[in-house]
Amino acid sequence: MGLTIALNRGRILSEVLPMMQQAGIEPSEDPESSRKLIFESRTGGHRLVVMRGSDVPTYVEYGAADVGVTGKDTIMEYGGGAHFYEQLDLGIGRCRLMTAAPADSALAQGRDVRGPLRVATKFVNVARRYFEAEGRQVTLIPLSGAMEIAPLMNLADCIVDIVDTGNTLKANGLVALETIADISSRVIVNRASMRTRFGEVQSLLSVLRDAAGNDEGGWRG
Ligand code: AMP
(Lines give C-alpha, C1' and ligand atoms only; values in the text may rest on other atoms or scores of the structure.)
Protein backbone atom coordinates (compact mmCIF):
# COMPACT_ATOMS: atom_id res chain seq x y z
CA MET A 1 0.00 0.00 0.00
CA GLY A 2 1.10 3.53 -0.73
CA LEU A 3 0.64 6.59 1.45
CA THR A 4 -2.62 8.00 2.74
CA ILE A 5 -2.64 11.75 2.24
CA ALA A 6 -5.19 14.07 3.88
CA LEU A 7 -5.92 17.21 1.88
CA ASN A 8 -7.71 20.40 2.83
CA ARG A 9 -10.73 20.79 0.60
CA GLY A 10 -11.50 24.29 -0.61
CA ARG A 11 -9.44 27.04 -2.13
CA ILE A 12 -5.99 25.44 -2.08
CA LEU A 13 -7.00 22.04 -3.47
CA SER A 14 -6.67 23.24 -7.07
CA GLU A 15 -3.06 24.20 -6.34
CA VAL A 16 -2.16 21.11 -4.32
CA LEU A 17 -3.49 18.53 -6.80
CA PRO A 18 -1.01 19.49 -9.58
CA MET A 19 1.81 19.21 -7.03
CA MET A 20 0.61 15.71 -6.10
CA GLN A 21 0.45 14.86 -9.78
CA GLN A 22 4.12 15.85 -10.15
CA ALA A 23 4.81 13.30 -7.41
CA GLY A 24 3.02 10.68 -9.50
CA ILE A 25 -0.09 10.78 -7.31
CA GLU A 26 -3.04 11.32 -9.59
CA PRO A 27 -6.54 10.58 -8.31
CA SER A 28 -8.72 8.24 -10.34
CA GLU A 29 -11.47 10.91 -10.37
CA ASP A 30 -11.32 14.69 -10.06
CA PRO A 31 -11.74 15.49 -6.33
CA GLU A 32 -12.91 18.98 -7.23
CA SER A 33 -15.99 17.76 -9.07
CA SER A 34 -16.66 14.38 -7.44
CA ARG A 35 -18.70 13.98 -4.27
CA LYS A 36 -16.45 11.17 -3.14
CA LEU A 37 -14.06 11.89 -0.30
CA ILE A 38 -11.49 9.12 -0.75
CA PHE A 39 -9.61 8.80 -4.04
CA GLU A 40 -7.27 5.99 -5.03
CA SER A 41 -4.27 7.10 -7.09
CA ARG A 42 -4.00 5.73 -10.63
CA THR A 43 -0.59 4.27 -9.77
CA GLY A 44 1.39 3.57 -6.63
CA GLY A 45 -1.52 2.55 -4.41
CA HIS A 46 -1.74 5.94 -2.69
CA ARG A 47 -4.95 7.40 -1.33
CA LEU A 48 -6.01 11.05 -1.26
CA VAL A 49 -8.61 11.91 1.36
CA VAL A 50 -10.31 15.28 1.02
CA MET A 51 -11.62 16.86 4.21
CA ARG A 52 -12.05 20.04 6.20
CA GLY A 53 -8.68 21.67 6.82
CA SER A 54 -9.26 21.68 10.56
CA ASP A 55 -9.59 17.86 10.55
CA VAL A 56 -6.30 17.26 8.71
CA PRO A 57 -4.08 17.54 11.84
CA THR A 58 -6.31 15.03 13.68
CA TYR A 59 -6.04 12.42 10.91
CA VAL A 60 -2.27 12.89 10.76
CA GLU A 61 -1.70 12.90 14.54
CA TYR A 62 -3.52 9.58 15.00
CA GLY A 63 -1.99 7.99 11.91
CA ALA A 64 -5.22 7.59 9.92
CA ALA A 65 -3.28 9.61 7.33
CA ASP A 66 0.50 9.44 6.87
CA VAL A 67 0.77 12.91 5.39
CA GLY A 68 -1.47 15.98 5.42
CA VAL A 69 -1.67 19.37 3.76
CA THR A 70 -3.36 22.23 5.60
CA GLY A 71 -2.92 25.88 6.56
CA LYS A 72 -0.48 27.10 9.19
CA ASP A 73 -3.43 28.80 10.91
CA THR A 74 -5.08 25.40 11.42
CA ILE A 75 -1.84 23.86 12.66
CA MET A 76 -1.28 26.71 15.13
CA GLU A 77 -4.83 26.41 16.42
CA TYR A 78 -4.40 22.63 16.81
CA GLY A 79 -1.40 23.23 19.02
CA GLY A 80 1.56 23.19 16.67
CA GLY A 81 4.18 20.67 15.80
CA ALA A 82 4.25 18.48 18.93
CA HIS A 83 1.65 16.16 17.45
CA PHE A 84 3.34 15.53 14.07
CA TYR A 85 6.27 16.77 12.03
CA GLU A 86 5.71 19.97 10.07
CA GLN A 87 8.00 19.39 7.12
CA LEU A 88 7.40 21.79 4.32
CA ASP A 89 5.97 25.19 3.43
CA LEU A 90 4.21 24.82 0.07
CA GLY A 91 4.10 28.61 -0.35
CA ILE A 92 0.46 28.56 -1.43
CA GLY A 93 -2.66 29.82 0.31
CA ARG A 94 -0.70 32.77 1.59
CA CYS A 95 -2.54 35.12 3.91
CA ARG A 96 -2.17 36.63 7.38
CA LEU A 97 -3.79 35.96 10.71
CA MET A 98 -4.60 39.42 12.07
CA THR A 99 -6.54 41.36 14.62
CA ALA A 100 -9.12 43.74 13.19
CA ALA A 101 -11.65 46.21 14.57
CA PRO A 102 -14.22 48.69 13.21
CA ALA A 103 -12.45 51.66 11.61
CA ASP A 104 -14.33 54.08 13.88
CA SER A 105 -13.67 52.14 17.10
CA ALA A 106 -11.52 53.27 20.03
CA LEU A 107 -9.21 50.33 19.41
CA ALA A 108 -8.60 51.18 15.75
CA GLN A 109 -7.99 54.80 16.68
CA GLY A 110 -5.44 53.92 19.34
CA ARG A 111 -7.54 54.91 22.34
CA ASP A 112 -7.80 52.74 25.47
CA VAL A 113 -10.55 50.16 25.74
CA ARG A 114 -11.69 49.82 29.35
CA GLY A 115 -11.78 46.32 30.85
CA PRO A 116 -10.78 43.09 29.14
CA LEU A 117 -10.78 43.24 25.36
CA ARG A 118 -13.60 41.16 23.88
CA VAL A 119 -12.10 39.12 21.06
CA ALA A 120 -14.33 37.12 18.70
CA THR A 121 -12.61 34.39 16.70
CA LYS A 122 -12.57 30.81 15.57
CA PHE A 123 -8.86 30.76 16.46
CA VAL A 124 -9.37 30.81 20.23
CA ASN A 125 -6.14 28.99 21.11
CA VAL A 126 -4.02 31.20 18.87
CA ALA A 127 -5.74 34.32 20.17
CA ARG A 128 -5.33 33.24 23.81
CA ARG A 129 -1.59 32.67 23.35
CA TYR A 130 -1.12 35.90 21.41
CA PHE A 131 -2.83 38.18 23.92
CA GLU A 132 -1.23 36.36 26.86
CA ALA A 133 2.19 37.00 25.36
CA GLU A 134 1.22 40.64 24.91
CA GLY A 135 0.12 40.76 28.54
CA ARG A 136 -3.38 41.88 27.57
CA GLN A 137 -6.50 40.75 29.38
CA VAL A 138 -9.09 39.39 26.99
CA THR A 139 -12.45 37.69 26.97
CA LEU A 140 -12.47 35.19 24.12
CA ILE A 141 -15.71 34.77 22.22
CA PRO A 142 -15.66 31.61 20.09
CA LEU A 143 -17.41 31.82 16.72
CA SER A 144 -17.36 29.44 13.78
CA GLY A 145 -17.55 31.92 10.90
CA ALA A 146 -18.31 35.45 9.68
CA MET A 147 -16.33 36.96 12.52
CA GLU A 148 -16.57 40.40 10.90
CA ILE A 149 -20.13 40.76 12.11
CA ALA A 150 -19.27 40.43 15.81
CA PRO A 151 -17.88 43.95 16.42
CA LEU A 152 -20.66 45.47 14.32
CA MET A 153 -23.22 43.83 16.59
CA ASN A 154 -21.27 44.90 19.69
CA LEU A 155 -20.56 41.28 20.58
CA ALA A 156 -16.81 41.99 20.51
CA ASP A 157 -14.28 44.83 20.41
CA CYS A 158 -12.15 43.11 17.80
CA ILE A 159 -11.70 39.89 15.86
CA VAL A 160 -8.84 37.57 15.03
CA ASP A 161 -9.26 36.37 11.47
CA ILE A 162 -7.56 35.50 8.21
CA VAL A 163 -6.89 38.44 5.93
CA ASP A 164 -5.86 38.07 2.30
CA THR A 165 -6.75 41.11 0.18
CA GLY A 166 -8.49 42.87 3.07
CA ASN A 167 -11.65 43.22 0.97
CA THR A 168 -13.85 41.36 3.44
CA LEU A 169 -12.75 43.62 6.30
CA LYS A 170 -13.20 46.74 4.19
CA ALA A 171 -16.65 45.73 3.00
CA ASN A 172 -17.68 45.49 6.66
CA GLY A 173 -16.06 48.71 7.83
CA LEU A 174 -13.20 47.01 9.69
CA VAL A 175 -9.48 47.69 9.55
CA ALA A 176 -6.64 45.24 10.13
CA LEU A 177 -4.54 46.13 13.18
CA GLU A 178 -1.83 43.63 14.18
CA THR A 179 -0.35 40.65 12.36
CA ILE A 180 -0.29 37.53 14.52
CA ALA A 181 1.25 35.22 11.92
CA ASP A 182 2.03 34.84 8.23
CA ILE A 183 0.09 31.87 6.94
CA SER A 184 0.59 29.42 4.07
CA SER A 185 -0.10 25.76 3.41
CA ARG A 186 2.16 23.25 5.15
CA VAL A 187 2.88 19.56 4.74
CA ILE A 188 2.70 17.59 7.98
CA VAL A 189 3.77 13.98 8.56
CA ASN A 190 2.66 11.42 11.14
CA ARG A 191 5.47 10.67 13.59
CA ALA A 192 5.36 6.89 13.16
CA SER A 193 5.00 7.09 9.36
CA MET A 194 8.15 9.19 9.26
CA ARG A 195 10.05 6.16 10.59
CA THR A 196 8.16 3.21 9.12
CA ARG A 197 7.58 4.72 5.66
CA PHE A 198 10.67 6.89 5.53
CA GLY A 199 11.51 6.25 1.86
CA GLU A 200 8.02 6.91 0.50
CA VAL A 201 7.54 9.97 2.69
CA GLN A 202 10.91 11.43 1.73
CA SER A 203 10.39 10.93 -1.99
CA LEU A 204 7.00 12.64 -1.77
CA LEU A 205 8.50 15.52 0.26
CA SER A 206 11.33 15.91 -2.19
CA VAL A 207 9.00 16.28 -5.19
CA LEU A 208 6.72 18.65 -3.27
CA ARG A 209 9.74 20.69 -2.19
CA ASP A 210 10.78 21.09 -5.83
CA ALA A 211 7.21 21.89 -6.86
CA ALA A 212 7.03 24.53 -4.15
CA GLY A 213 10.37 25.90 -5.30
CA ASN A 214 12.12 25.90 -1.96
CA ASP A 215 14.99 24.06 -0.34
CA GLU A 216 13.95 24.16 3.28
CA GLY A 217 12.30 21.41 5.23
CA GLY A 218 14.74 18.52 5.46
CA TRP A 219 13.97 15.90 8.07
CA ARG A 220 13.83 17.37 11.53
CA GLY A 221 13.38 14.54 13.97
P1 AMP B 1 -9.96 38.80 1.90
O2 AMP B 1 -11.29 39.48 1.73
O3 AMP B 1 -9.24 38.61 0.59
O4 AMP B 1 -9.09 39.51 2.92
O5 AMP B 1 -10.24 37.34 2.43
C6 AMP B 1 -10.71 37.15 3.71
C7 AMP B 1 -11.52 35.94 3.90
O8 AMP B 1 -11.23 34.90 2.98
C9 AMP B 1 -11.23 35.41 5.28
O10 AMP B 1 -12.31 35.66 6.12
C11 AMP B 1 -10.96 33.95 5.12
O12 AMP B 1 -12.06 33.21 5.61
C13 AMP B 1 -10.83 33.72 3.65
N14 AMP B 1 -9.43 33.43 3.22
C15 AMP B 1 -8.66 34.23 2.48
N16 AMP B 1 -7.47 33.67 2.22
C17 AMP B 1 -7.49 32.46 2.82
C18 AMP B 1 -6.56 31.39 2.91
N19 AMP B 1 -5.35 31.43 2.34
N20 AMP B 1 -6.91 30.31 3.62
C21 AMP B 1 -8.14 30.25 4.21
N22 AMP B 1 -9.05 31.21 4.15
C23 AMP B 1 -8.75 32.31 3.47
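The values are calculated or read from the model by the stated rules, or taken from the named source; none is laboratory data. Just so it is clear, the structure is predicted and the values come from calculations on it, not from any experiment. Don't worry about glycine lacking a Cβ; one is built from the backbone with ideal geometry, like all the others, and counts go over all protein chains shown. Note: areas computed on protein heavy atoms with side chains; ligands, DNA, RNA excluded. Shrake-Rupley method; radii C 1.70, N 1.55, O 1.52, S 1.80 Å.
Counting DSSP beta bridges in the chain, what percent are antiparallel, to the nearest 5? Kindly include the intermediate steps, with their values, before the conclusion.
On the way: 25 of 41 bridges.
Taking every DSSP beta bridge with both residues in the chain, the antiparallel ones total about 60 percent.
Dipole magnitude for the chain: about 400 debye, using +1 per Lys or Arg Cβ and -1 per Asp or Glu Cβ, origin at the Cα centre. Could you give the Stokes-Einstein D for the chain in µm² per second, using the C-alpha Kirkwood radius, 20 °C, 1.002 mPa s? Translational diffusion coefficient: 115 µm²/s.
Could you tell me the relative contact order of segment 95-182? Use alpha-carbon pairs under 8 Å, at least six residues apart, and round to a whole percent.
Details: 168 pairs, mean separation 41.9, N = 88.
Relative contact order comes out at 48 percent.
Computed from Cα positions, the angle between helix 13-22 and the longest principal axis of the chain comes to roughly 30 degrees. Angle of helix 124-133 to the longest C-alpha principal axis of the chain, folded into 0 to 90 degrees and rounded to 10: 60°. When LYS72, LYS170 are compared by accessible area of protein heavy atoms, the largest-first order is LYS170, LYS72, using a 1.4 Å probe. Loop-located GluC sites (Glu not before Pro) in segment 119-154 (DSSP state other than H, G, I, E, B) with a sparse environment of at most 14 neighbouring Cβ atoms within 10 Å: GLU134.
Under 23 Å of direct C-alpha separation, and excluding same-chain neighbours fewer than eight residues apart, LYS122 reaches these lysines: LYS72, LYS170.
Relative contact order of the chain: what whole-number percent is it, with Cα pairs under 8 angstrom and at least 6 residues apart? Working shown, then result.
Numbers: 434 pairs, mean separation 59.8, N = 221.
Result for the chain is 27 percent.
Estimated at the nearest 10 Å², the accessible area of GLU178 is 60 Å² with a 1.4 Å probe.
Helical content alone sets the calculated 222 nm signal of the chain at -7500 deg cm²/dmol, taking -39,500 (n - 2.57) per DSSP H segment of four or more residues and averaging over every residue. Ordering ILE38, ILE75 by accessible surface, largest first, gives ILE38, ILE75; the 1.4 Å probe counts only protein heavy atoms, with every chain in place. Remark: the chain carries 50 Å² of accessible area per residue (probe radius 1.4 Å; ligands, DNA and RNA excluded).
Look at where the Cα atoms of segment 53-116 and of segment 131-180 average out, and the two centres are 14 Å apart.
Cα gyration tensor of segment 95-182, axes a ≥ b ≥ c as square roots of the eigenvalues: rounded (a/c below 1.5), prolate (a/b > b/c) or oblate? Kindly include the intermediate steps, with their values, before the conclusion.
Details: a/c = 1.35, a/b = 1.12, b/c = 1.21.
In terms of gyration-tensor shape, rounded.
What percentage of the solvent-accessible surface of the chain, computed with a 1.4 Å probe over protein heavy atoms, is contributed by carbon and sulfur atoms? Don't skip to the end; give the middle numbers.
Working: 5230 of 11100 Å².
Within the chain, the accessible surface is 47 percent carbon and sulfur.
Which sequence of THR121, THR165 reflects their accessible areas, 1.4 Å probe, from the largest down?
Values: THR121 0, THR165 100 Å².
Final ranking, largest accessible area leading: THR165, THR121.
Could you tell me how many degrees, from 0 to 90 and to the nearest 10, lie between the Cα long axis of helix 198-212 and the main elongation axis, the longest principal axis, of the Cα atoms of the chain? Once rounded, one gets 60 degrees.
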